[in-house]
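Participant: My questions all concern the structure below.
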Amino acid sequence: PKKTHWTSDITTDLHGREVTLAGWVWELRDLGKVKFIVLRDREGFVQLTLKVGKTPEHVFRVFSELNREDVIVVKGVVETSKIAKRGVEVFPTDITILNKAKPLPLDIWSETPDLATRLKWRSIDLKRPRNLAVFSLASKILREIRETLYGERFVEVFTPKIIVTSTEGGAELFPVLYFERVAYLSQSPQLYKEQLTASLERVFEIGPAFRAEKHNTDYHLNEFISVDAEAAFMNYHDVMDILEKIMKRVVLVLSENVARLREVGLMPVVTELDKIPRVEYDEAIEKLGQLGYSVKWGDDFTVEMQKALMRFYGSVYFIIDFPASLRPFYTKRKENDRSESYDLIINGIEVASGATRIHKRDELEEEMRKRGLDPKLFESHLAVFDYGMPPHAGFGLGFNRLLTALLGLDNVRHATLYPRDRYRVEP
Ligand code: AMO
């Protein structure tokens, strides 16, 4: 039997229509002559009502066998109702059990067990309405990001995840045995995306990035989804303009979905976004000084500081022109030891970072040496710069962090289907 409708499609407009639904038994209530099944699917819930005299006898027999989380297909007729949630219910004419479920090892109905227990049983935990809302939204946001980038004439690419050189600092690499040699899991598509600007001009990639960060914080994963973009003939302000376009569309999607999100207890950041402030690093230090933080020039900001800056700039802002020493070797310098770089901060969390890049081979080599990196190890990358490398700029946006920040979650693991951290490689 084919699923003709999702629970969210069942509205009063369908009064009198026959539908076929499929999903899971969320709740069973037996009031004698009237019995209720609350059916869940990804999109929400709908009430199925069984009434003596109205509902066929064989449907009652199926009801008596049902447990919560059994998988069922239901054929029935939609009717408007004064008492049912959302003003609509379905009177089943047939129910088929596709699979039985044992009692669940954790409560998904009323309690919220601790995160460790939930992650241990992650597939079951994902049935929780809040998680369904988070990950349905995640997909919608990804679509907006892709659409925006397509609109700006970017092409989507895939670069290798097995690599030989570090891009974001050597200490955070996971080694892998690659036949007779050691290779590493990619920390970022940085070098490939830059190389591709010399041919495809504007590229983006959405894929996993691996970081062997030892510290186990609320905002760090060892594998996260990175949205990387890189464009020839652009500088950092041009790519910030693109991030701004992305953010405007993302915030719009959030506001379209705000009802469902609030229903499951989430407090999304929905602010009017016009121009996202671009705050110079030096100014941020000064403002933090006013608030009593003593930050030395050359220090990075903490989450606490970034949250404090929201007082001046709202919940979404860029910090720009970081000291060059704080940024990776490929970042273009500007005067006074600053760089053409930026971070995007949402709700105090660094969600993206990017820069104009160096496109001259000799400058790039010099920056490598300054950071103790041996240019010889980067020969295959550097060679590309000899044959027509355009000026270019880009960003890397942490998708799990973006969700975390937008939804006001307290841990990035809530925005990750199957988190990988220091103590978790399963499930
Ligand atoms: P960076 O290292 O700042 O820059 O990473 C870019 C963005 O990725 C996210 N992120 C993480 N998310 C979860 N867990 C982690 N361990 C983690 N590390 C990073 C953050 C961060 O802002 N190549 C550059 C980007 C560029 O310049 O284009 C880079 O990787 O949201």
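Participant: Amide H of Thr93 versus every other amide H placed in the peptide plane: which residues, excluding those fewer than 5 positions away on the same chain, fall under 5 Å?
Facilitator: Amide H to amide H, under 5 Å and 5 or more residues apart or across chains, Thr93 pairs with Lys75, Gly76, Val77.
Participant: Within a Cβ distance under 9 Å of Phe322, other residues only, what is the Lys/Arg minus Asp/Glu net charge? Display every interim value, and only then the final one.
Facilitator: Numbers: positive: Arg327, Arg338; negative: Asp300, Asp321, Asp343.
Net of charged neighbours comes to -1.
Participant: Could you work out how far the C-alpha centroid of region 51-67 sits from that of region 109-145, in angstrom?
Facilitator: 32
Participant: Between beta-carbons, use under 13 Å as the cut-off and find the net charge around Thr20, counting Lys and Arg +1, Asp and Glu -1. Provide the component values of the computation, followed by the final result.
Facilitator: Details: positive: Lys2, Lys3, Arg17, Lys75; negative: Asp9, Glu18, Asp41, Asp94.
Result for the neighbourhood of Thr20: 0.
Participant: Give the aspartates and glutamates whose C-alpha is closer than 12 Å to that of Lys127, dropping any in the same chain fewer than 8 places away, or say none.
Facilitator: Asp41, Glu43, Glu69, Asp107
Participant: Continuing with the same structure: Between Ala101 and Leu377, how high is the FRET efficiency from 1/(1 + (r/R0)^6) when r is the Cβ-Cβ distance and R₀ = 45 Å? Nearest 0.05. Mind dumping the intermediate values first?
Facilitator: Numbers: r = 54 Å, r/R0 = 1.19.
After rounding to 0.05, the efficiency reads 0.25.
Participant: If you don't mind, another one. Compute the whole-percent fraction of alpha carbon pairs in region 291-402 spaced more than 22 Å apart.
Facilitator: It works out to 42 percent of all Cα pairs.
Participant: Using alpha-carbon pairs under 8 Å, 6+ residues apart, how would you state the relative contact order of region 3-89 in percent?
Facilitator: Working: 161 pairs, mean separation 32.4, N = 87.
RCO, region 3-89: 37 percent.
Participant: Please list, in order along region 336-346, the HN-Hα scalar couplings obtained from phi with the Karplus expression 6.51 cos²θ - 1.76 cosθ + 1.60 (θ = phi - 60°), rounded to whole Hz, x for Gly and Pro.
Facilitator: These are the phi-based 3J(HN,Hα) values: 6, 6, 9, 9, 7, 9, 7, 10, 9, 10, 10 Hz.
Participant: A follow-up question, please. Percent of Cα-Cα pairs more than 17 Å apart in region 28-80, please.
Facilitator: 32
Participant: Of the peptides 92-101, 314-323, 223-232, how do they stack up when ordered by the mean number of other Cβ atoms within 10 Å, highest first? Provide the component values of the computation, followed by the final result.
Facilitator: Details: 92-101: 15.1, 314-323: 20.6, 223-232: 23.0.
Top to bottom by mean Cβ count within 10 Å: 223-232, 314-323, 92-101.
Participant: Given 20 °C and 1.002 mPa s, compute D for the chain with the Stokes-Einstein relation, Rh being the Kirkwood radius over Cα pairs; round to the nearest whole µm²/s. Each step should come with its number before you reach the end.
Facilitator: Details: Rh = 24.5 Å.
For the chosen part, D equals 88 µm²/s.
Participant: Which net charge results when you count Lys and Arg as +1 and Asp and Glu as -1 among the other residues whose beta-carbon is under 10 Å from that of Lys100? Can you show the working numbers first?
Facilitator: Details: positive: Lys102; negative: Glu65, Glu69, Asp70.
Here the charged neighbours net out to -2.
Participant: Report the residue, chosen from Arg181, Arg338, Arg61, that carries the largest GNM mean-square fluctuation when the chain is represented by alpha-carbon nodes joined by springs under 10 Å.
Facilitator: Checking each option, the largest mean-square fluctuation is seen for Arg181.
Participant: Moving to a separate point now. To the nearest 0.05, how large is the calculated FRET efficiency for Lys51 and Val258 if R₀ is 45 Å and r is the Cβ-Cβ distance? All intermediate terms of the calculation are to be shown ahead of the outcome.
Facilitator: On the way: r = 36 Å, r/R0 = 0.80.
Efficiency, from the Cβ-Cβ distance: 0.80.
Participant: When Lys248, Lys51 are ordered from fewest to most other Cβ atoms inside 10 Å of their Cβ, what list results?
Facilitator: Working: Lys248 15, Lys51 11.
Fewest-to-most Cβ neighbours within 10 Å comes out as Lys51, Lys248.
Participant: Could you line up Arg371, Arg17, Arg40 from fewest to most neighbouring Cβ atoms inside 10 Å? Write out the running numbers ahead of the final one.
Facilitator: Numbers: Arg371 11, Arg17 14, Arg40 20.
The order, fewest Cβ neighbours first, is Arg371, Arg17, Arg40.
Participant: Expressed as a whole number of Å, what is the distance separating the alpha-carbon centroids of region 231-297 and region 154-207?
Facilitator: What the calculation gives is 27 Å, centre to centre.
Participant: Follow-up question, since we're still on this one. Residue separation times 0.36 nm, minus the C-alpha to C-alpha distance between Lys2 and Glu65: what's the value?
Facilitator: Values: separation 63, 0.36 × 63 = 22.68 nm, distance 2.26 nm.
Taking Lys2 through Glu65 to full extension adds about 20.4 nm, to one decimal.
Participant: Could you order the peptides 398-411, 295-308 from most to least packed, using the average number of other C-beta atoms within 10 Å per residue? Intermediate results must be reported in sequence, preceding the final value.
Facilitator: Details: 398-411: 21.6, 295-308: 14.9.
With the highest mean Cβ count within 10 Å placed first, the list reads 398-411, 295-308.
Participant: Straight-line reach from Lys51: which aspartates and glutamates fall under 18 Å, measuring Cα to Cα and dropping same-chain residues less than 8 apart?
Facilitator: Straight-line reach from Lys51, under 18 Å: Glu18, Glu27, Asp30, Glu65, Glu79, Glu89, Asp94.
Participant: Using alpha-carbon pairs under 8 Å, 6+ residues apart, how would you state the relative contact order of region 282-423 in percent?
Facilitator: Working: 198 pairs, mean separation 25.5, N = 142.
Averaging sequence separation for qualifying contacts and normalising by length gives 18 percent for region 282-423.
Participant: Using 0.36 nm per residue, how much length does the chain from Arg422 to Lys370 gain when fully extended, once their Cα-Cα distance is taken away?
Facilitator: On the way: separation 52, 0.36 × 52 = 18.72 nm, distance 3.11 nm.
That works out to 15.6 nm of additional length.
Participant: Sorted from fewest to most neighbouring beta carbons within 10 Å, what does the list Glu286, Glu244 look like? Mind dumping the intermediate values first?
Facilitator: Working: Glu286 11, Glu244 18.
Ranked by crowding around the Cβ, least crowded first: Glu286, Glu244.
Participant: Using the structure shown, select from Lys140/Lys370; Lys287/Lys332; Lys54/Lys140; Lys140/Lys275 the pairs with a Cα to Cα distance greater than 32 angstrom.
Facilitator: On the way: Lys140/Lys370 42 Å; Lys287/Lys332 26 Å; Lys54/Lys140 41 Å; Lys140/Lys275 23 Å.
Correct reply: Lys140/Lys370; Lys54/Lys140.
Participant: Return a whole-number percent for the relative contact order of the chain, with Cα pairs under 8 Å and 6 or more residues apart as the contact set.
Facilitator: Details: 798 pairs, mean separation 54.4, N = 427.
Relative contact order comes out at 13 percent.
Participant: Suppose only helical runs count, i.e. DSSP H with n ≥ 4. What mean residue ellipticity at 222 nm does that imply for the chain under -39500 (n - 2.57) per run, divided by all residues and rounded to the nearest 500 deg cm²/dmol? Don't skip to the end; give the middle numbers.
Facilitator: Details: 13 runs with 120 residues, N = 427.
Counting only the DSSP helices, I get -8000 deg cm²/dmol.
Throughout, read-outs are computed from the coordinates displayed, never taken from laboratory work. The shown structure was predicted, so the numbers you read here are calculated from the model rather than taken from an experiment. Using ideal geometry, Cβ is built from the backbone for each residue, glycine included, and neighbour counts are taken over all protein chains shown.
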